[in-house]
Amino acid sequence: MPNAIIFDFDGVVVDSEPLHYQAFVMVGRSFNFEFTWEQYMAQYIGFDDRDAFRYMLAQAIEAGHTPDVEDVDRTLAKLIDQKQKAFEALAQMGTAAIPGTVELINEAHASGLPIAIASGATHADIDQMLGLLELRDKFEIIVAADDVKHSKPDPTTYAKAFEKLAALHADKPLTPGTTLAIEDTKAGLSSALGAGLQTLALTTTSPAEVLHQAGRVIEDLSGVTLATLNQWYG
């Protein structure tokens, strides 16, 4: 069976994509840029905040808006900070876990199975949401957008999470091929597969046909236990 699990965060642990979308819209209005939920799901899903704002700024300029981008890095840092504050305020109003995920996390943690998070979200976003769900102490390793130069679909996020888990559990035979990544986007699957991991995809964000590269595709983690994973991947 998989001897380690690396969870994506948004769409796998928490149902937070609507909150991210609302926060992006709030900040985008500062440079006269708006987009629909359908556009967000089709074009932005899987981006970290940096890449999302790079794309938004490019789209705004193409549409004839002229946001201040003389210093791109400074502009991105300012927009990311504004979005972080908006997201924190929205998250405080309500946070929902993906069905079955909390139960699987608790079972894996109690069994001593190494688990980690590999996400395009920021550490601040992840820490806040884990705190609200009382899961902060369950994960030994968290690799977030802050930790990598290139986020998903680049394999660095998952490769780094695996390397950290393997170093922490040097007494266990952890290999990429026996580590399971749980994802919900095409970009995330590309990242996990590029790092050599097994994959399980949830249709919480993307339709099944978009996730066909995964080893298995399911609706969510309702009823999924370590025994289930052993049956599927053992």
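Data for the structure
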quantity: Estimated inter-spin distance, ILE61 and GLN43, nm [label 7 Å along Cα→Cβ]; calculated: 1.5 nm
quantity: Helical contribution to [θ] at 222 nm, DSSP H n ≥ 4, -39,500 (n - 2.57), averaged over the chain, rounded to 500; calculated: -13000 deg cm²/dmol
quantity: Selection of GluC sites (Glu not before Pro), the stretch 146-234, meeting DSSP coil and at most 15 other Cβ within 10 Å; calculated: GLU219
quantity: Average Cα contact separation per residue, the chain, under 8 Å, 6 or more apart, as relative contact order %; calculated: 27 percent
quantity: Environment charge at ASP146 (Cβ cut-off 12 Å; Lys +1, Arg +1, Asp -1, Glu -1); calculated: -2
quantity: Long-range HN-HN contacts of ALA181 with modeled amide H, under 5 Å; calculated: ILE6, GLN198, THR199, LEU200
quantity: Relative contact order of the stretch 17-92, defined on C-alpha pairs under 8 angstrom at six or more residues apart (%); calculated: 46 percent
quantity: Three-way shape call for the chain based on the alpha-carbon gyration tensor, with the a/c threshold at 1.5; calculated: prolate
quantity: Among beta bridges that DSSP assigns inside the chain, antiparallel share in %, nearest 5; calculated: 5 percent
quantity: Per residue Cα convex hull volume in Å³ - calculated over the stretch 17-92; calculated: 77 Å³
quantity: Environment charge at LEU19 (Cβ cut-off 12 Å; Lys +1, Arg +1, Asp -1, Glu -1); calculated: -4
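Every number in this text was worked out from the coordinates using simple rules, so none of it is lab data. Here the structure is a predicted model, which means the values were calculated and not measured. Every residue, glycine among them, receives a Cβ derived from its backbone with ideal geometry; neighbour counts consider all protein chains shown.
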